[in-house]
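The values are calculated or read from the model by the stated rules, or taken from the named source; none is laboratory data. Remember, predicted model here, so these are calculated numbers, not experimental data. Don't worry about glycine lacking a Cβ; one is built from the backbone with ideal geometry, like all the others, and counts go over all protein chains shown.
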Amino acid sequence: MYRDTPHAIHLKDYQPPEFLIDRVELHFDLDPDRTSVESRLELRRNPAATRGDGSLRLHGEQLELETVEIDGNPLTGSEYVLDPESLTLHRVPDRFSLLTRVRIHPSLNTALEGLYQSGDMLCTQCEAEGFRRITYFLDRPDVMARYTTTLVADRARFPVLLSNGNLIEECRLEDGRHLARWEDPFPKPSYLFALIAGDLRAIEDRFTTASGRAVDLKIFVEPHNLDKCDHAMRSLKKAMRWDEERFGREYDLDVFMIVAVSHFNMGAMENKGLNVFNDKYVLARPDTATDADFDGIESVIAHEYFHNWTGNRITCRDWFQLSLKEGFTVYRDQEFSADVGSRGVKRIADVRLLRAHQFAEDAGPMAHPVRPDSYIEINNFYTATVYQKGAEVVRMQANLLGPDAFRQATDLYFERHDGQAVTTEDFVRCMEDASGRDLSQFRRWYAQAGTPELTMQGDYDPAAGVYRLSVRQFTPPTPGQPEKRPFHVPLAIGLLGDDGEDLPLRLEGDSQAPAAGTRVLELKAEEETFRFVGLDSRPVPSLLRGFPAPVKLRFDYGDRDLLFLMAHDSDGFNRWDAAQTLMQRLLLALVRDPDHGVLDAFFDAFREALLDAEGDRALLAEVLTLPSEGYLADQMDLVDVDGIHRARAGLERAIGGRLRADLLAVYRANAAEGCGYVFTPEEVGRRAIRNLALHYLMQSPDDETLGLCREQFAAGDNMTDVMAALRLLADHGGAEGAEALECFYRRWSRESLVVDKWFAVQASSPREDALEQVQRLLSHPDFSLRNPNRVRSLVGVFSVANQVRFHAADGGGYRFLADRILELDPLNPQIASRLLKSMIRWRRFDRTRQALMCDELRRILDAEELSKDVYEVASKALE
Ligand code: 0A1
Ligand code: ZN
């Protein structure tokens with residue numbers, strides 16, 4: 001907690017560590033209230049370091065120091081300096097062994113960084129800087145060491161004791177205690193350290209690697225969750241095989257373990273050989289988890305597993321390089337999900353997420369490059385920019401190189417840098433060295449923040465048979481970067497003829513005509529014109545196919561062209577994008593003018609898509625979903641909160657009314673056949689389109705549709721269908737809604753992840769009394785500020801997914817959020833600071849709301865003691 005102004009850390013100040021640590025031996029005497037940690041470090045001066053003053057400064061926070069010894073000689077208090085963040089030893093030898101003993105208190109650790117108690121178990125979270133809350137250390141990722149970890153604990157309370165690597169010893173001790181010793185043969189940075197102690201059960205399986213080695217796979221959970229691990233195990237095995245086939249990466253230890261914990265700040269953590277997961281991303285049974293949950297589990301399990309090579313074997317030199325591991329690993333998990341599911345739907349989902357969160361971040365006061373230049377608190381930089389935009393930057397390189405050269409480049413990266421802590425620059429150099437391409441201008445994607453806007457214009461000269469496409473790029477200023485230089489942007493483009501077929505894209509000067517289809521052009525200048533020749537009628541351009549770069553497109557399409565693309569584009573992504581653009585345009589017109597009519601052509605196109613029996617249903621559901629209120633808000637210079645809600649709800653009602661018969665037919669035609677729930681792309685698509693039909697029908701409900709909804713709620717054998725119906729009933733309200741909520745709670749009150757859904761449904765309801773209901777739920781016996789999943793399901797969902805009620809003009813939503821942040825900050829700064837991000841883009845709103853938000857931000861900044869996390873976000877928001 002800070003009273004003084006916290007200072008920023010800058011990339012330009014990076015210095016290699018003065019000391020290296022070769023070996024670490026840790027001995028834990030575990031007890032939730034009082035744990036003792038003894039650490040023996042083998043240290044030596046780093047030959048690559050510029051010589052400092054001869055002293056050694058180790059990181060350490062919230063530790064009670066009991067002993068310090070150098071080479072077996074205890075130090076007295078005058079031989080070291082202790083402050084709240086470090087332990088400094090003066091005049092140390094060039095090579096020595098350091099022993100420290102500290103005490104820590106896991107049960108009092110509500111920040112969930114370091115060693116903490118989650119339910120009845122003990123667990124750790126060390127990324128980014130949590131290890132310093134366990135022992136004194138050089139807690140930075142470029143210090144990589146080999147660890148041996150000994151765990152001692154009460155055998156009845158903590159029968160399972162886990163750490164990284166392989167188990168090398170186990171024995172019983174006196175007084176009902178026992179000991180387990182783990183050794184990790186791979187050097188690792190401290191942020192990948194983990195330990196677990198608890199009364200856990202495991203499901204076990206085995207994987208044989210491509211070279212024939214057997215790996216034991218274990219997923220540990222609390223006993224009552226043992227029946228919810230099968231999907232996670234299947235996902236893990238799929239991910240392991242895929243990484244061998246697609247990237248040539250084999251697993252390297254004899255055992256791979258996953259542990260599910262109920263209290264976790266993020267999604268999961270890739271600790272070497274011992275991944276720790278938020279239980280939300282492990283536990284699933286068809287009756288407790290939705291399709292979206294199954295999907296999330298598959299991709300997060302893969303993500304953490306993939307980190308074993310992209311993050312663990314090769315790690316980051318410093319935290320500015322976070323996207324080196326995160327951008328690349330997200331790219332890898334996106335490709336995995338695309339390969340094992342539906343590629344088209346996956347791309348749409350990823351771009352939706354990027355546009356909704358990353359574009360918003362780039363347009364706000366916390367905008368930062370994929371490789372940030374500075375931070376006050378690194379935990380604030382686990383962002384959509386580092387993760388999702390970072391993945392797009394890797395994807396662009398993969399596309400520029402093509403599949404073969406990209407594979408050679410990643411092979412080179414793994415070979416050249418195995419065992420090292422490196423930078424995004426090292427990654428790009430591998431791309432260049434393997435392919436012979438010059439990516440010097442491309443590197444700006446790592447250094448410049450902001451979303452480039454591409455303004456395109458096309459004109460057709462019938463006499464010459466030429467279509468000219470001019471492209472201009474402009475990137476708006478972001479904090480600290482008033483002016484931007486042009487990016488190297490790949491553009492994937494197609495031209496459609498009158499019949500909707502792709503035309504050959506022959507550029508002036510081409511020696512021969514290319515085949516019809518997509519052509520990738522490269523934009524490097526601020527402005528460029530491409531001339532396509534040999535066209536005997538005006539083509540319809542299909543621009544930025546598959547979303548080849550994280551940019552915004554400005555092109556003045558007529559509605560007819562968009563309808564044409566929606567019906568004919570050979571690129572599925574652009575068919576979806578054309579539909580979204582049309583809907584967005586219509587909705588924004590309705591916001592400006594509530595009497596703006598809706599053309600019959602819109603309903604006709606909607607109906608035609610809806611009734612397309614051949615199409616991929618999941619893709620169809622994406623095409624027929626209106627842009628969210630938040631996304632629409634991002635398209636306006638001045639957000640009209642109520643106008644957006646009115647327009648979107650009105651259009652949904654109109655669709656439900658006008659297309660009632662078709663929607664009912666689709667609902668019935670997509671009823672489940674056969675036996676029970678299966679998680680396949682086809683079945684997920686079927687449920688998605690059916691529930692979307694029910695959603696539209698329930699926007700102007702009658703007895704029949706209400707009856708269907710009630711039936712689905714009562715009969716649903718899977719959580720996807722039950723949740724869809726519950727949400728509709730709850731939003732419909734009245735006795736019906738209350739009864740459904742009550743019945744759901746009674747049925748599921750012992751399943752914590754399902755109770756989260758129950759909170760979330762109420763928090764996201766557009767009903768006028770949503771805030772009052774959320775306030776009431778704060779005193780529900782199941783609500784707790786100490787469980788991040790619970791906080792996110794109530795406070796997070798209300799402030800992020802309920803734009804109309806959170807941004808109510810009376811400021812009630814803002815006050816509510818600020819109160820929660822102030823309560824939460826002393827307990828869990830990471831979660832407090834994440835919540836605050838929904839209030840930092842106040843400049844986009846009207847004066848009344850601006851003033852209300854600023855008042856709350858100031859009230860937060862005025863608090864007696866504030867974490868660095870919240871301070872950084874609140875102060876940058878007001879800059
Ligand atoms: N590296 C993890 C995410 C993660 C980051 C920070 C954490 O605590 C502050 C926890 C997890 C991943 O990318 O999955
Ligand atoms: Zn990650």
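Reported count of residues in the range 745-757, each being touching a helix residue (DSSP H, G or I) at 6+ places or on another chain (Cβ under 7 Å), assigned to a helix (DSSP H, G or I) and touching a residue at least 24 places away in the same chain (Cβ under 8 Å), is 6. Restricted to the range 309-323, and to residues there that are within 12 Å of ligand 1 (Cβ to nearest atom) and touching a residue at least 40 places away in the same chain (Cβ under 8 Å), the residue that is farthest from THR423 (Cα to Cα) is ASN312.
Comparison of PHE474, PHE427 shows that the only residue that is over 30 Å from SER537 (Cβ atoms) and in the same structural domain as LEU535 (by the TED database) is PHE474.
Residues in the range 225-278 that are away from ligand 2 (no atom under 15 Å from the Cβ), polar (S, T, N, Q), farther than 30 Å from ALA409 by Cβ and in contact (Cβ under 8 Å) with a residue 60 or more places away in the chain: SER262 alone. Only a single criterion out of (1) basic (Lys, Arg); (2) under 26 Å from the mean Cα position of the chain (by Cα); (3) within 20 Å of ALA649 (Cβ to Cβ) is not satisfied by ARG767, namely (2). Is the range 151-160 home to any residue that is hydrophobic (A, V, I, L, M, F, W, C), out of contact with any Phe, Trp or Tyr (no Cβ under 9 Å at 6 or more places or on another chain) and more than 16 Å from ligand 2 (Cβ to nearest atom)? Yes, because at least one residue in the range 151-160 is hydrophobic (A, V, I, L, M, F, W, C), out of contact with any Phe, Trp or Tyr (no Cβ under 9 Å at 6 or more places or on another chain) and more than 16 Å from ligand 2 (Cβ to nearest atom).
Matching residues to (1) in contact with a strand residue (DSSP E or B) (Cβ under 8 Å, 6 or more places away or on another chain); (2) in the same structural domain as ASP418 (by the TED database):
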{"residue": "TYR281", "(1), (2)": "yes, no"}
{"residue": "THR288", "(1), (2)": "no, no"}
{"residue": "ALA292", "(1), (2)": "no, no"}
{"residue": "VAL300", "(1), (2)": "yes, no"}
{"residue": "HIS307", "(1), (2)": "no, no"}
{"residue": "LEU322", "(1), (2)": "yes, yes"}
{"residue": "ALA338", "(1), (2)": "no, yes"}
{"residue": "ILE348", "(1), (2)": "no, yes"}
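The condition of being within 16 Å of ligand 1 (Cβ to nearest atom) and not assigned by the TED database to the domain that holds ASP139 holds for only one of PRO365, PRO372, PRO403, that being PRO372. When GLU361, GLU326 are checked against the criterion of being under 17 Å from the mean Cα position of the chain (by Cα) and within 16 Å of ligand 2 (Cβ to nearest atom), GLU326 stands alone in meeting it.
Kindly check whether there is at least one residue in the range 167-182 that is β-branched (Val, Ile, Thr), assigned by the TED database to the domain that holds LEU58, in a strand (DSSP E or B) and more than 27 Å from ASN225 (Cα to Cα). Write out each step before concluding.
Going through the range 167-182, the residues β-branched (Val, Ile, Thr) turn out to be 168.
Subset that is assigned by the TED database to the domain that holds LEU58: 168.
Narrowing further to those that are in a strand (DSSP E or B): 168.
Still in the running and more than 27 Å from ASN225 (Cα to Cα): 168.
Yes, the range 167-182 contains a residue that is β-branched (Val, Ile, Thr), assigned by the TED database to the domain that holds LEU58, in a strand (DSSP E or B) and more than 27 Å from ASN225 (Cα to Cα).
Against the list (1) touching a Cys at 6+ places or on another chain (Cβ under 7 Å); (2) among the β-branched types (Val, Ile, Thr); (3) within 12 Å of ligand 2 (Cβ to nearest atom), the condition THR310 fails is (1). Taken over the range 758-776, the criterion of being part of a helix (DSSP H, G or I) and closer than 14 Å to SER799 by Cα is satisfied by PHE759, ALA760, VAL761, GLN762, ALA763, ALA770, LEU771, GLU772, GLN773, VAL774, GLN775. Regarding ALA391, is this residue surrounded by fewer than 19 Cβ atoms within 10 Å (Cβ to Cβ) and at pLDDT 95 or above? So ALA391 fails the test. Cβ-Cβ contacts under 8 Å between residues 6 or more apart (or on different chains), taken from a first residue in the range 13-28 that is within 15 Å of ALA49 (Cβ to Cβ) to a second residue that is among the basic types (Lys, Arg) and not in a strand (DSSP E or B), are listed as TYR14/ARG317; PRO17/ARG140; GLU18/ARG51. Against the conditions (1) under 35 Å from the mean Cα position of the chain (by Cα); (2) over 28 Å from LEU322 (Cα atoms), ALA128 satisfies every one except (2).
For the range 333-341, the criterion of being among the β-branched types (Val, Ile, Thr), closer than 29 Å to ASP291 by Cα, within 13 Å of ligand 2 (Cβ to nearest atom) and touching a residue at least 40 places away in the same chain (Cβ under 8 Å) is met by no residue.
In summary, ALA735 fulfils each of the numbered conditions (1) within 27 Å of the chain's Cα centre (by Cα); (2) assigned to a helix (DSSP H, G or I) with the single exception of condition (1).
Residue-wise test of (1) under 27 Å from HIS357 (Cα atoms); (2) buried (at least 16 other Cβ atoms within 10 Å of the Cβ).
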{"site": "TYR446", "(1), (2)": "yes, yes"}
{"site": "VAL466", "(1), (2)": "no, no"}
{"site": "VAL471", "(1), (2)": "yes, yes"}
{"site": "THR475", "(1), (2)": "yes, yes"}
{"site": "GLU483", "(1), (2)": "yes, no"}
{"site": "PRO504", "(1), (2)": "no, yes"}
{"site": "ASP510", "(1), (2)": "no, no"}
{"site": "GLU522", "(1), (2)": "yes, no"}
{"site": "GLU528", "(1), (2)": "no, yes"}
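With the requirement that a residue be within 18 Å of VAL37 (Cβ to Cβ), among the basic types (Lys, Arg) and either free of Cβ contacts under 8 Å to residues at least 40 places away in the same chain or part of a strand (DSSP E or B) (or both), what does the range 90-145 give you? Within the range 90-145, ARG101, ARG103 meet the criteria.
Mind telling me which of the residues LEU626, LEU632 ends up being in contact with a Lys or Arg (Cβ under 8 Å, 6 or more places away or on another chain) and not in a helix (DSSP H, G or I)? It would help to see each step written out before you state the result.
Details: LEU632 fails: not in a helix (DSSP H, G or I).
Testing whether each residue is in contact with a Lys or Arg (Cβ under 8 Å, 6 or more places away or on another chain) and not in a helix (DSSP H, G or I) leaves just LEU626.
If you filter the range 375-418 down to residues that are of a type in the set (Phe, Trp, Tyr) and not in a helix (DSSP H, G or I), you find that the one that is nearest to the chain's Cα centre (by Cα) is TYR382.
May I ask you to say which residue of ASN265, ASN278, ASN271 is polar (S, T, N, Q), within 15 Å of ligand 1 (Cβ to nearest atom) and within 21 Å of ALA349 (Cβ to Cβ)? Step through it out loud before you land on a result.
Working: ASN265 fails: within 21 Å of ALA349 (Cβ to Cβ); ASN271 fails: within 21 Å of ALA349 (Cβ to Cβ).
When all the criteria are applied, what remains is ASN278.
If the condition is being within 28 Å of ASP637 (Cβ to Cβ) and out of contact with any helix residue (DSSP H, G or I) (no Cβ under 8 Å at 6 or more places or on another chain), then the range 460-480 contributes LEU469, SER470, VAL471, ARG472, GLN473, PHE474, THR475, PRO476, PRO477, GLY480. Scanning the range 448-464 for residues that are surrounded by fewer than 17 Cβ atoms within 10 Å (Cβ to Cβ) and aliphatic (A, V, I, L, M) turns up ALA463, ALA464.
Quick grid of which residues meet (1) buried (at least 23 other Cβ atoms within 10 Å of the Cβ); (2) in contact with a Phe, Trp or Tyr (Cβ under 8 Å, 6 or more places away or on another chain):
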| residue | (1), (2) |
| --- | --- |
| PRO286 | no, yes |
| ILE297 | yes, yes |
| ALA302 | yes, yes |
| ASN308 | yes, yes |
| GLU326 | yes, yes |
| ARG343 | no, no |
| GLY364 | no, no |
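Restricting the search to strands (runs of 3 or more DSSP E) fully inside the range 440-551 and requiring at least 3 residues that are at pLDDT 95 or above, under 29 Å from the mean Cα position of the chain (by Cα) and hydroxyl-bearing (Ser, Thr, Tyr) gives an empty result.
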